Amino acid sequence: MLRIGHITAGLIGAVALAGVAYPASAQDYSMPGVATTKVGEAELSIGGGLSRLDLPDIRFGYRSGPSGNREYPNSNGFEDEFGGAVSGELLVPWGASTAIALGGFWSGIDQEKGVRCAASAAQSCEASNLTGANATTPVGVDLRERTKRDVDHWGTQLEGRYYMEGTPGVPIINATYVALGGDIREINQDTSINFRTLSGINGGTYNESLDTSYYGAYLAIGGDYELPIFQNFRSGLGLEAGFKAYAGVYGVDTDYQGRVPGNSLGLSTDDTAFIGGLTLETRKQFTPRTSVSLMSTYEYISWVPEMQYSNSNTGDVTRIDDTDAFASRTMLRLNIGLGPEGLYYE
């Protein structure tokens, strides 16, 4: 469910990593049908759509018995979860072949999921107590676990671009730019898990806050491209295609706060991450000052936190582990020229 405060923050943050903006060059590139931006003209892009973020499961419960066999009955994977997203970008030309782009995005995913720990005459269902003995139900008593998980993923970027006329040796790519940018991102997770027996006895609630910050720089290349198979769509429907590929190195800070009845725990860790992605755009021009884009961003994040919770049966302690993750955002975006003249021309 979209929350207005987060949407506003995303737009004020200047919204849009997912952006492939039009080249800010005074030159009239000779390839027919390719829209370009005139120097002195700024462009504002705002859009919304769907997002996905593949995060690790949450495994907070156990099933144990005399044999020592222990399982994790609580699993809250995000593989099939989708949420809303907003994005935007402000592109300002800066000279004959350079420009500055300020952008950002916000996406939010909520999930509610229930699982059941099926006990037996020799096995009991347990929940971690973070630092002490597990909370254990009587042997043979099943345990229901209801999990609510709320994830916000957002970021802001500022980059400088240098535009070139085409890419040498790559005839399908036109009006390429290279960029160097700075990036700040957050993945904020809030989780609550309620434990209850089948008879309705409340076994307590676990609450978790897990916030991860990314600070870094990236290199990017982008522009328009024209595949032979795409020519019929371009001539018949007036569609154009664009791309942006980027890769960067980031410092990572993660803070964890966990709370169960009578106990709490705080942890933090620092690390380094790689983030790389690809944005593909299909664009339709409607007037000399407006166009609409369908944009999809596919992103790899090499470091996200994965919590490992204490288990008094094995002696394991609660700690912050890590794994990788994938994110995607697909949005419909409106592009508006802010200058007094038409923004696009053929």
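The values are calculated or read from the model by the stated rules, or taken from the named source; none is laboratory data. All values reported here derive from a predicted model rather than from experimental measurement. Heads up, the Cβs are rebuilt from the backbone with ideal geometry, glycines too, and the neighbour counts pull from every protein chain shown. Calculation scope for accessible area: heavy atoms of the full protein, side chains included, ligands and nucleic acids excluded. Shrake-Rupley method; radii C 1.70, N 1.55, O 1.52, S 1.80 Å.
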Legend entry - So Ala217, is it of a type in the set (Gly, Ala, Ser), exposed (fewer than 14 other Cβ atoms within 10 Å of the Cβ), in contact with a strand residue (DSSP E or B) (Cβ under 9 Å, 6 or more places away or on another chain) and at pLDDT 95 or above: yes
Inset, instruction - All but one of (1) surrounded by 15 or more Cβ atoms within 10 Å (Cβ to Cβ); (2) in contact with a Gly (Cβ under 9 Å, 6 or more places away or on another chain) hold for Arg259, so report the exception by its number. - result: (2)
Inset, instruction - Looking only at the range 68-87, decide whether some residue is at pLDDT 90 or above and open to solvent by 70 Å² or more (accessible area, probe 1.4 Å). - result: yes
Inset, instruction - Check whether at least one residue in the range 289-301 is buried (at least 21 other Cβ atoms within 10 Å of the Cβ), modelled with pLDDT under 90 and out of contact with any Leu (no Cβ under 8 Å at 6 or more places or on another chain), and report yes or no. - result: no
Inset, instruction - Starting from residues that are under 19 Å from Gly242 (Cβ atoms), open to solvent by 10 Å² or more (accessible area, probe 1.4 Å) and touching a strand residue (DSSP E or B) at 6+ places or on another chain (Cβ under 7 Å), keep the ones in the range 302-346 and report whichever is modelled with the lowest pLDDT. - result: Tyr344
Legend entry - Residue identified as under 20 Å from Trp154 (Cα atoms) and either charged (D, E, K, R) or in contact with a Lys or Arg (Cβ under 8 Å, 6 or more places away or on another chain) (or both) among Tyr250, Tyr256: Tyr250
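Go through the range 187-208 and give me each residue that's in a strand (DSSP E or B), open to solvent by 30 Å² or more (accessible area, probe 1.4 Å) and in contact (Cβ under 8 Å) with a residue 12 or more places away in the chain.
Within the range 187-208, Asn188, Asp190, Ser192, Asn194, Arg196, Gly203, Thr205, Asn207 qualify.
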